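Peer 1: Here it is, the structure, as structure tokens.
Quick note: the coordinates plus some simple rules give every number you see, no bench work behind them. What you are looking at is a predicted structure, and each value in this text was computed from that prediction instead of being measured. Please note: Cβ atoms are built from the backbone with ideal geometry, for glycine as well, and neighbour counts cover all protein chains shown.
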Amino acid sequence: MRAAVDCHMVASPRAGDAGNGRYAAQLANSLAATAHPGDDAWALVAEPGALARLDLRVRHAGLSPNNARRLLASAPRVLSGIRADIAVFTYVGPFVGRTPVALAVHDATFVTNPEWLPARARVMLQRLVPLSARRADRVLALSRTAAAEIEDALGVPGDRIRVVSPAVDPRFRPDGGAAAARVADALGVSGRFCLAVGDVNPRKNLSALARAVARLDDLNLVLAGSPGATSDPVLRDPRVRWLGRVGDDDLADLYRAAAVTAFPSLHEGFGLPAVEAMASGCPLVVSNRGALPEVVGDAAIVTGTSTDEIAEALRAALEPTAADRLRELGPRRAAAYTVEAMGEAGWAALGRPA
């Protein structure tokens, strides 16, 4: 079977593309890692830096970086040229061409909570995703929670939705304690800190997190992620250290060095930073929204989204006995999210014969 993944957002400098691009690259890499004889995994790339993030076993072809040209011309042409049996697109697929499409929809917040999105993105997603979902042969969700949300919000029949959860990169693992020195040297981060990872936008609930962290003695807040489509007030908070987007090696060290990672998002279709934190052995606090409780199980403290609730959860996670328990449970829970598991789920979802 020949499967292609639209990776046009991989290595994109645009705000908001980090999570989508990471999933697309992971899917292409996971398909290549679990390919059977006769299988091919292709990545359709548009950015010069994309190939550095792809497994050497992934074959690749170029796409136009312009969205309209990509969907109306270059993607259908490339897919026909490589004779793809199926292609994965994120949110919006091509409306021309004969190659079957699996549409990856990370969440349906553009329907359920459109106020979280910039106006242009909101209108585009509301118009094009339902059309793409109806045209697609199948829809990929990142969690059972997201699958139910997609079925309800977009009207996609449940039997056309398949769950293909992300994989955690093997670099996210506990180490012997040298991470604090490395992040101090590489990033200038020192002392006891709470880490938050992801694009900075209102959905991440970072202002409430900043207020919660301010209530705890001897704890700073460090943010790692792009500023998002609009400026968030949390970036102007003098108590917050914002690093911008950091590379995976530095990010792995940040998880290891952090006293706690917090992910108090108002909604997530999966929440990969939560899995990365668990895999790294960092005590974790997540909100009770979206797929986060499903993803973390009993390996994190699950809380509400108010400042009071987050502050209390952080205190609980930092208590030495609880912190030790979370450091032990986290890597066990994260071990379910492997490249092999993602690849096998991906091939099955795309219709490879068993």
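Peer 1: Scan around ALA104 for amide H atoms under 5 Å from its own, H built in the peptide plane at 1.01 Å from N, and keep only partners 5 or more places away or cross-chain.
Peer 2: Sorted by chain and number, the residues that satisfy this are PHE89, THR90, TYR91, LEU140.
Peer 1: Related question: Enumerate the calculated ³J(HN,Hα) couplings along region 196-208 in order (Karplus 6.51 cos²θ - 1.76 cosθ + 1.60, θ = phi - 60°), each rounded to whole Hz, writing x wherever the residue is Gly or Pro.
Peer 2: With coefficients 6.51, -1.76 and 1.60, one gets 10, 10, x, 4, 7, 7, x, 4, 6, 6, 6, 5, 5 Hz.
Peer 1: Assign unit charges at the C-beta atoms only (+1 for Lys and Arg, -1 for Asp and Glu), then state the dipole size of region 179-334 relative to its Cα centre in Debye, rounded to the nearest 20. Present the calculation step by step, with values, prior to reporting the outcome.
Peer 2: On the way: 17 positive and 20 negative charges, 39 e Å.
Magnitude of the dipole: close to 180 debye.
Peer 1: As a footprinting exposure proxy, order MET342, MET278 by other Cβ within 10 Å, with the fewest listed first. Present the calculation step by step, with values, prior to reporting the outcome.
Peer 2: On the way: MET342 23, MET278 31.
In order of increasing Cβ crowding within 10 Å: MET342, MET278.
Peer 1: Let me ask something else. Hey, what number do you get for the chain at 222 nm if only DSSP H runs of n ≥ 4 count, each worth -39500 (n - 2.57), divided across all residues, to the nearest 500?
Peer 2: Here the helix-only value at 222 nm equals -11500 deg cm²/dmol.
Peer 1: Quick check: net charge around ASP298, other residues with Cβ under 14 Å of its Cβ, Lys/Arg +1 and Asp/Glu -1? Each step should come with its number before you reach the end.
Peer 2: On the way: positive: ARG325, ARG327, ARG332, ARG333; negative: GLU294, GLU328.
Counting the neighbours of ASP298, the net charge comes to +2.
Peer 1: Sticking with this structure for a sec: Taking the Cα centroid of region 292-351 and of region 274-288, what is the distance between the two, rounded to the nearest whole Å?
Peer 2: 5 Å
Peer 1: Between ASP218 and ARG127, what FRET efficiency follows from the Cβ-Cβ distance if R0 is 45 Å, with the result rounded to 0.05?
Peer 2: Details: r = 49 Å, r/R0 = 1.09.
Given R0 = 45 Å and the Cβ-Cβ separation, E is 0.35.
Peer 1: Which FRET efficiency value, to the nearest 0.05, do you get for LEU51 and ASP185 by plugging their Cβ-Cβ distance into 1/(1 + (r/R0)^6) with R0 = 25 Å? Spell out each step's value before the answer.
Peer 2: Numbers: r = 29 Å, r/R0 = 1.17.
Efficiency for this residue pair is about 0.30.
Peer 1: First measure r as the distance between the Cβ atoms of ARG59 and ASP250, then evaluate 1/(1 + (r/R0)^6) with R0 = 30 Å and state the FRET efficiency to the nearest 0.05. It would help to have the intermediate numbers written out before the result.
Peer 2: Details: r = 30 Å, r/R0 = 0.99.
Computed FRET efficiency for ARG59 and ASP250 comes out at 0.50.
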